[in-house]
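Quick note: the coordinates plus some simple rules give every number you see, no bench work behind them. Values in this document were obtained by computation on a predicted structure and should not be read as measured data. Backbone-built Cβ (ideal geometry, glycine too); neighbour counts: all protein chains shown.
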Ligand SMILES: *Cc1c(COP(=O)(O)O)cnc(C)c1O
């Protein structure tokens with residue numbers, strides 16, 4: 001295996017690398033993992049359920065599933081066949097988790113962003129005396145509730161998708177929303193935000209800068225609230241709740257997950273909240289039989305850098321001479337969340353970096369083979385899977401985990417995190 005020096009050297013040169021996390025531990029599901037209590041994730045699941053009657057009415061597209069915001073898990077056999085033709089025969093079966101199609105906002109950020117706003121709404125509704133905890137949450141559709149929420153302003157910093165998710169949910173409930181966007185944000189995301197009545201602040205700075213500005217603006221306001229992507233346990237718990245649904249979806253797909261049927265998951269990573277929360281949720285449900293890998297662009301590998309060096313948010317990709325620039329706007333983050341990085345130390349299997357060209361090639365393949373419109377960030381799972389499949393590190397990992405004899409039983413899930421919905 002490559003030493004830290006060698007990995008850092010490749011990272012500096014913006015070359016694709018695979019890294020295995022030496023700190024990963026064997027864990028016991030149901031216990032607190034990485035310092036985060038299991039009860040947080042269970043509370044998130046319960047809160048999602050309480051809000052279903054409300055969500056079904058507020059967003060008619062969720063009505064068929066009674067207000068559940070969830071995406072499909074689908075086998076991608078044409079993609080699997082195509083990979084075989086490229087000399088990358090998949091051992092096991094390949095699935096796509098279509099968070100690119102998540103209702104309401106079309107990205108993984110629906111899980112964290114919507115959840116945090118729902119929790120805030122419950123807290124305020126209870127404080128202002130407009131709803132008791134076990135009352136039907138549909139009453140929040142009433143104008144008098146919207147007026148109460150209208151006193152509060154939610155601030156969120158984003159490269160686009162978190163803003164869309166918090167903006168849409170916040171405005172629907174009646175909150176004022178101000179979205180602080182980094183220079184990476186795409187035009188169509190700004191348009192959608194303005195259309196739903198959110199205020200958009202644009203900065204020439206990067207994501208970390210937008211976070212600073214958002215945090216400051218919220219602090220200056222009496223009724224201001226900041227969705228803190230770098231530190232939020234609520235966002236994390238909202239993402240983690242997917243673990244319960246994944247357990248069910250794997251059963252419905254007749255895919256066993258146990259000692260001889262490993263589950264590999266490839267998650268696009270920006271600041272870390274979404275992939276971190278999902279990894280946590282999967283570890284809680286599938287224990288040591290799930291193997292999670294984060295995927296980042298070669299020019300913005302902030303989580304890999306933070307974890308490889310152990311410095312977390314005390315080091316940025318600029319410190320090693322990288323630009324932080326990438327077509328994958330959702331992953332254009334120069335400094336990771338330390339909260340997530342530390343929580344991932346015992347849980348994450350490894351991380352992979354990929355070039356923008358690889359992301360764009362994957363975007364094209366997913367569209368041509370599977371008819372899916374996925375934005376470059378959302379394709380990183382596939383690009384990372386390709387990269388890892390070819391690597392020495394995967395062989396090393398399989399050996400270390402004692403999986404040599406069961407890779408043919410493996411399930412690989414490419415987590416498609418964002419769709420092109422412009
Ligand atoms: C935000 C985002 C990610 C990564 O989530 P982080 O919480 O920033 O790590 C991945 N894909 C898409 C499409 C995103 O918008």
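On alpha-carbon atoms, Rg over Rh for the stretch 322-369 using Kirkwood Rh?
Taking Rh as the inverse mean 1/r over Cα pairs, Rg/Rh reads 1.07.
Compute from the Cα atoms of the stretch 1-68 the Rg and the Dmax, the latter being the longest Cα-Cα distance, and quote both in angstrom.
Looking at the stretch 1-68, its Cα Rg and Dmax stand at 21.1, 54 Å.
When only alpha-carbon atoms count, how far does the stretch 30-94 stretch along each of its three principal axes, as whole angstroms with the largest first?
Principal axes ranked by extent give 47, 38, 12 Å for the Cα atoms.
What residue among 387, 81, 176 shows peak mean-square fluctuation when the chain is described by a Gaussian network model with Cα springs under 10 Å?
Among 387, 81, 176, the largest GNM mean-square fluctuation belongs to 81.
Looking at the square roots a ≥ b ≥ c of the eigenvalues of the Cα gyration tensor of the stretch 280-409, which shape do they give, rounded for a/c under 1.5, prolate if a/b is larger than b/c, or oblate?
Note, shape of the stretch 280-409 comes out oblate.
Tell me the relative contact order for the chain as a rounded percent, counting alpha carbon contacts under 8 Å between residues six or more apart.
Across the chain, relative contact order equals 23 percent.
Relative to the longest principal axis of the C-alpha atoms of the chain, give the angle of the C-alpha long axis of helix 115-127, reported between 0 and 90° and rounded to the nearest 10°.
Compared with the principal axis, the helix lies near 30 degrees.
Take the alpha carbon atoms of the stretch 139-248, find their radius of gyration, then divide it by 2.2 N^0.38 Å using N residues; give the quotient.
1.10
Give the separation of the Cα centroids, the stretch 311-387 to the stretch 50-69, in Å.
Using only Cα atoms, the two centres lie 31 Å from each other.
Could you work out the relative contact order of the stretch 65-212, using alpha carbon pairs under 8 angstrom and six or more residues apart, expressed as a whole percent?
With pairs under 8 Å counted, the relative contact order is 17 percent.
Which one, 93, 390, 190, has the greatest fluctuation when you compute a Gaussian network model over the chain with C-alpha springs under 10 angstrom?
The residue that fluctuates most here is 390.
How would you classify the stretch 218-369 from its alpha-carbon gyration tensor, with a ≥ b ≥ c the square roots of the eigenvalues: rounded for a/c under 1.5, else prolate if a/b is greater than b/c, otherwise oblate?
Verdict is oblate for the stretch 218-369.
Which distance in nm do the two modelled labels at residue 360 and residue 325 give, with both placed 7 Å along the Cα-to-Cβ direction?
Placing both labels 7 Å beyond Cα along the Cβ direction yields 1.3 nm.
Each label point is 7 Å from the Cα along the Cα-to-Cβ direction; what then is the distance between the points at residue 75 and residue 194, in nm?
Once both label points are built, they end up 4.7 nm from each other.
If you look at just the Cα atoms of the stretch 10-150, how large are its Rg and its Dmax in Å?
In order Rg, Dmax, the Cα atoms of the stretch 10-150 give 20.9, 62 Å.
Using a 10 Å cut-off on Cβ atoms, rank the peptides 129-138, 145-154, 226-235 from the highest mean neighbour count down.
The packing order, highest mean first, is 226-235, 145-154, 129-138.
To one decimal place, what orientation-averaged projected area in nm² is obtained for the convex hull of the Cα set of the stretch 173-232?
Taking a quarter of the hull surface, the average projection is 4.4 nm².
Going by C-beta contacts inside 10 Å, put 71, 316 in order with the fewest on the left.
316, 71
Can you tell me the alpha carbon radius of gyration of the chain divided by the globular rule-of-thumb value 2.2 N^0.38 Å?
0.93
Average projected area of the Cα convex hull of the stretch 235-285, in nm²?
Orientation-averaged projected area of the Cα hull: 3.6 nm².
Kindly state, to the nearest 0.05, the FRET efficiency for residue 223 paired with residue 27, given R0 = 45 Å and r defined as their beta-carbon distance.
Approximately 0.65, to the nearest 0.05.
Suppose the Debye formula is applied to equal point scatterers at every Cα of the stretch 79-182; what is log10 I(q)/I(0) at q = 0.21 Å⁻¹?
-1.05
What nm value, rounded to one decimal, do you get for the distance between residue 369 and residue 85 when each label is placed 7 Å out toward the C-beta?
For residue 369 paired with residue 85, the spin-label model returns 0.9 nm.
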